[in-house]
1. Let me make sure I get this right: for the chain, a, b and c are the square roots of the gyration tensor eigenvalues over alpha carbons, sorted descending. Under 1.5 in a/c it's rounded, otherwise prolate if a/b > b/c, else oblate. Which is it?
2. Distance in nm between label sites at ARG154 and CYS328, each 7 Å beyond Cα in the beta-carbon direction?
3. Between GLU6 and LEU310, how high is the FRET efficiency from 1/(1 + (r/R0)^6) when r is the Cβ-Cβ distance and R₀ = 35 Å? Nearest 0.05.
4. Between ARG237 and LEU111, what length in nm is gained on full extension when 0.36 nm per residue of separation is reduced by their alpha carbon distance?
5. Report, for the chain, the % of DSSP beta bridges that are antiparallel, rounded to 5.
6. Run the numbers for GLN319 and GLU45: contour at 0.36 nm per residue of separation, minus the present Cα-Cα distance, in nm.
7. Which value, to two decimals, describes the C-alpha radius of gyration of segment 14-106 once divided by 2.2 N^0.38 Å?
8. Indicate the gyration tensor shape class of segment 305-361 (rounded, prolate or oblate), computed on the Cα atoms with a ≥ b ≥ c the square roots of the eigenvalues: a/c under 1.5 is rounded; otherwise a/b larger than b/c is prolate and the rest oblate.
Amino acid sequence: MALSPEERAAWVGLHLTPGIGPGRFARLVQHFGSARAAWQAPIRELQAAGLPENVVEALTQTRKRVHPEKLLEQWAKQGIRVVLQEDPEYPPRLRHIPQAPPVLYVQGQWLPEDDWAVAVVGTRKATAYGRRVAEDVAQFLARHRVTVVSGLARGIDGVAHRAALDAGGRTLAVLAHGPDRIYPPEHRRLARRIVERGALISDYPPGTRPEAPHFPARNRLISGLSLAVVVVEAGERSGALITAAFAADQGREVFAVPGPIYAAQSQGTLRLIQQGAHLLRTPEDLAQALNLSLLPQQQEARRRLPQEPLERLLWEHLQEPTHIDDLCERTGLSSPQVSALLTLMELKGLVRQVASMTYVAVG
């Protein structure tokens, strides 16, 4: 059921309140039954809901100075769409990560085929070798109808976005600032190209400036949108390593490109390989690991066969690897029913088998 305009405005109002992050947002909506009720709640009820005094004060001040309805109209004129976690178009893979953002600000268009996405990330101080690898990987993914996700930064990120676009593919740029502000400024033209064949995505509202703490935080969205993360080059303290860590926590595959052992840009990727990341020798390694040869059939099946209630029931119980016997016990379905559903869901790319009779949701 579509949310009312008043409820949508309340989601935005709460999201704009300092101190209300994803966890607190979810608790408020659960406590009051809706974002609108939480947004309009008297101070005493907010206190009774367990909201700290400083956040109650912040919400009170936000309600006085912010008019979400007008902001929604203003952003729409700028071509910025507000996508809520309850909206059907909210990226399903992102919906189930820890601390999923309740509100996204989007320029461009997120499409169902972007479910099949791989992040290509790395250092801003890329070498000629790193640039070549990022270009080859991104073009390979684009030719296989896989969306390339990155962070619009200098270096590897920019190369990956451009290569995907040049190959006729789609790409998503996850921003550490509002979608109306492009950083670095020399990537403005690239950002316009991305809007035409993909999207700029941020959980920071329009007007938010690029600040240092925002960049590590947004990396969870880069990995969250992706099936896997490829780290091309990374120094010892590269932000790409943060993306890889988020990917591992989210159950995504992590690939790292080896490089010269004495090069600063190789230290992070070599450490990832040492810690168990997949060593990426050629882009074809991705095709094998992610079963990209089945992608056209999976995409076509996803379009033809919408997700049914029983599929949704199983999918909700597969957020971690689960044996068929456990699924039967938890859902009350028979073993033949579960087996048949899992076969269909695997074809549609909704689940994958990770061990004998053990499956996990994709996304």
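Coordinate-derived values only; no laboratory data. Only a predicted model underlies this, so the values are computations on that prediction, with no experimental measurement involved. No Cβ is skipped: glycine too gets one built from the backbone with ideal geometry, and neighbour counts run over all protein chains shown.
1. On the way: a/c = 1.75, a/b = 1.17, b/c = 1.50.
Oblate is the answer for the chain, as a/c is 1.5 or above yet b/c matches or exceeds a/b.
2. Using points 7 Å along Cα→Cβ, the separation is 6.0 nm.
3. Values: r = 34 Å, r/R0 = 0.97.
Approximately 0.55, to the nearest 0.05.
4. Additional length available on full extension: 42.0 nm.
5. Working: 14 of 34 bridges.
Given both bridge residues lie in the chain, the antiparallel proportion sits at roughly 40 percent.
6. On the way: separation 274, 0.36 × 274 = 98.64 nm, distance 3.41 nm.
Fully extending the segment from GLN319 to GLU45 adds 95.2 nm.
7. Working: Rg = 13.8 Å, N = 93, 2.2 N^0.38 = 12.3 Å.
Segment 14-106 yields a ratio of 1.12.
8. Details: a/c = 1.43, a/b = 1.11, b/c = 1.29.
In terms of gyration-tensor shape, rounded.
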